[in-house]
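Down below is the structure, laid out as structure tokens.
The values are calculated or read from the model by the stated rules, or taken from the named source; none is laboratory data. Keep in mind the model is a prediction, meaning the values are calculated, not measured. Don't worry about glycine lacking a Cβ; one is built from the backbone with ideal geometry, like all the others, and counts go over all protein chains shown.
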Amino acid sequence: MSLKSSWYPVRQLLRSGIDLCFPPLCPGCEKVASPVTRTGRVAEPIPLCLQCQQDLAPSKPHRCPRCSAPVGPHAQTDSGCPYCRQDRYRFDRVLSLGVYEEKLRGAILAGKKSEGQPLITALTEILWQREREQIQTFDPEVIIAVPRHWSKELQHLDYAPHSMARVLGKRMNIPVCTNWLKRSARRKDQVKLKATERRINLKGAFRTKIPAGRTPSRVLLVDDVLTTGATANESAATLKKADVQQVLVAVLARGLGT
């Protein structure tokens, strides 16, 4: 038995004792979080209470396989849905936790604040649990977060896509290569622009910095919210210009605005 294996029961006992004396608080409502899910031998806590899981991420079984927007149970989605049918995306598909509205929207906005990283982490854990099979089937070689301009790095140290990338990288045991995609120019805030303006605004806004000989075939690109898809699309286009073959986008929420 390896030293690592021999310590497993001890670690589990210590963890149980700590949780009993100091139960983790749900970052959504700040009440005691429950339950703890277990996969194999590894305890994987989802630190959102059951009520917050239901409120923030209700199951939506019928979604567009291309852009992850909710659709009717009998909708024809072979060529996309009403939200994406007219768009020419460079990424391959989108996975999301839910729609960017109501409580999930509030949670993501709260997660952008300096003390909100535990909430983003918790939501990413649920995204992983729900979409694990799809992500593993895609079999990404690296994870890249949609970048922000360096000037914003100085203003806010915490960045939701970076937190998401770290969680997913740990779960999949693959590299997080945040520096391989850079935002080379600071543009207008996308939130204030219409769909067509967003696409124009981001043209040429990204560049790759992938080391020679290390270009991956498949990239998992993460961001907190996808609305029109302009940011993810330009990011994917830039990666594919660098010879990346496939890009899967994972976001916490799919926005349905314009």
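Please go through region 97-120 and give me each residue that is in contact with a helix residue (DSSP H, G or I) (Cβ under 8 Å, 6 or more places away or on another chain) and either surrounded by 18 or more Cβ atoms within 10 Å (Cβ to Cβ) or within 13 Å of residue 256 (Cα to Cα) (or both), ordered by number. Walk me through it before giving the result.
Restricting attention to region 97-120, the residues satisfying the condition of being in contact with a helix residue (DSSP H, G or I) (Cβ under 8 Å, 6 or more places away or on another chain) are 97-98, 100, 103-104, 107-108, 110-112, 116-117, 119-120.
97, 98, 100, 104, 107, 108, 111, 116, 117, 119, 120 - these are the residues of region 97-120 that are in contact with a helix residue (DSSP H, G or I) (Cβ under 8 Å, 6 or more places away or on another chain) and either surrounded by 18 or more Cβ atoms within 10 Å (Cβ to Cβ) or within 13 Å of residue 256 (Cα to Cα) (or both).
Could you tell me whether region 54-70 includes any residue that is surrounded by 11 or more Cβ atoms within 10 Å (Cβ to Cβ), in contact with an Asp or Glu (Cβ under 7 Å, 6 or more places away or on another chain) and either outside any helix (DSSP H, G or I) or modelled with pLDDT of 50 or more (or both)?
no
With the requirement that a residue be closer than 15 Å to residue 70 by Cβ, in a helix (DSSP H, G or I) and not hydrophobic (A, V, I, L, M, F, W, C), what does region 82-121 give you?
If the condition is that a residue be closer than 15 Å to residue 70 by Cβ, in a helix (DSSP H, G or I) and not hydrophobic (A, V, I, L, M, F, W, C), then 102, 105 are the ones that fit.
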